[in-house]
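The values are calculated or read from the model by the stated rules, or taken from the named source; none is laboratory data. Quick caveat, the model's predicted, so the values are computed rather than measured. Every residue, glycine as well, gets a Cβ built from its backbone with ideal geometry; the counts of neighbours run over all protein chains shown.
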Amino acid sequence: MDKLDVIFKLQQSLNDDIEARRGINFSREEWMQKEVLAMISELSEVLDEVNFKWWKNPKAIDDAALKGELVDVLHFFVSMCLKSGMTADELFSLYKAKNQENFDRQYGRSQKQGYEVGGDTNG
């Protein structure tokens, strides 16, 4: 079992435990809404760790805290993948395809508008 498979399995186990212990029975739509809000909250905590508040004196970045917040984001992201019916293998395949498309866009090999090589960089 590869690392992504392990992450998906561990997250499914946590999700099942939380749902059972707390008696939660949200619809898939409600779960996705709640997971997005939770991820936004965690991303906000990432921002707090990297001194985005230009009106405050910067502090040294706490690498352990930053990494912890990124793991929290991953928890909710993987949970959303699971709730959407996506497997670790499917995420990997879709990621690889999208990564290739993103490279193709940067080199003008995409049919997507706005990525032509030598295009206007002001727009």
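Numbers at a glance
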{"item": "Of all residues making up region 44-85, the number that are acidic (D, E) and closer than 30 Å to N25 by Cβ", "result": "3"}
{"item": "Tally of residues being polar (S, T, N, Q) and at pLDDT below 95 across region 26-56", "result": "1"}
{"item": "Filtered residues of region 41-74 (kept if hydrophobic (A, V, I, L, M, F, W, C) and over 14 Å from the mean Cα position of the chain (by Cα))", "result": "L47, V50, F52, W54, W55, A60, I61, A64, A65, L66"}
{"item": "Subset of region 5-25 that is loosely packed, with under 13 Cβ neighbours inside 10 Å and among the polar types (S, T, N, Q) - its residue that is modelled with the lowest pLDDT", "result": "N25"}
{"item": "Cβ-Cβ under 8 Å pairs, at least 6 apart or on other chains, region 10-25 side more than 15 Å from D72 (Cα to Cα) and free of Cβ contacts under 8 Å to residues at least 60 places away in the same chain, far side loosely packed, with under 11 Cβ neighbours inside 10 Å and not hydrophobic (A, V, I, L, M, F, W, C)", "result": "E19/N25"}
{"item": "Residue among L74, L94, L37, L82 that alone is out of contact with any Lys or Arg (no Cβ under 8 Å at 6 or more places or on another chain), closer than 24 Å to K9 by Cα, touching a residue at least 60 places away in the same chain (Cβ under 8 Å) and loosely packed, with under 15 Cβ neighbours inside 10 Å", "result": "L74"}
